[in-house]
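Read-outs: derived from the displayed coordinates by stated rules, not from any lab. Note that the structure is a prediction, hence the values are computed from the model and not measured. Glycine gets a Cβ as well: all are built from the backbone with ideal geometry, and neighbour counts include every protein chain shown.
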Amino acid sequence: MMPNGTRAKRFGQVLLRGMMLVVAVAISGCGARSSDPYAASWDQYIQVMDDALARGDVNAAEMARQEAFLAARGSRRWDAMVAVGDASVRLMRAPGASPTLRLEARRIYRWALFRARQQGSFEGVVRVSEAFIELGDREAARDGLAMATAILTATGGAHDDIDRVKALSDRLDDQASNPEESTADIGTHAAATATWIR
């Protein structure tokens, strides 16, 4: 059994981290200029997460990621959920990160996919499909590409958009034939998209 003094010390550390997170987000929000009250919030929490990762503080990074998720969920924006999904992938690759983060990233991307579909956003559906391909989730990526095709059919999409979906479909087929490469560039993708929506 843990001595009372040790438990109190650990509780104090967790409480201090939480307070530091709130202060960091509040400070970073002082200069925010956005008409969407949620837009600054989730984006700022992601920045706090990335800063914590740079310091090697996985616990603080996870707390910030969870706050980013709650803010993105409240925003009802597909791009906010994609940004949190990308953040989850970055955190997933950090030493000491929870092994459940891969499933969490998939869940968040799924949420983003259905939001994009509900909003009729071809760009959103394709963007999430790309994320699923990078994550190695071929079934979800195929669902996304089917949704993208349906949107193109309904709207009479541009030739470039049709080519984009075909290129992603071909990439997915290549990934299926080379499964060992399916997750090789997740880190590269996550790093490249760290500032995608900021």
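Given the options Ala64, Ala97, Ala87, name the one that is surrounded by fewer than 21 Cβ atoms within 10 Å (Cβ to Cβ) and small (Gly, Ala, Ser).
Numbers: Ala64 fails: surrounded by fewer than 21 Cβ atoms within 10 Å (Cβ to Cβ); Ala87 fails: surrounded by fewer than 21 Cβ atoms within 10 Å (Cβ to Cβ).
Among Ala64, Ala97, Ala87, only Ala97 is surrounded by fewer than 21 Cβ atoms within 10 Å (Cβ to Cβ) and small (Gly, Ala, Ser).
Return the pair list, or none, for Cβ contacts closer than 6 Å from residues in the range 83-101 that are under 22 Å from Ala116 (Cα atoms) to residues that are assigned to a loop (DSSP other than H, G, I, E, B), at least 6 apart or on different chains.
Ala83/Ile197; Asp86/Thr193
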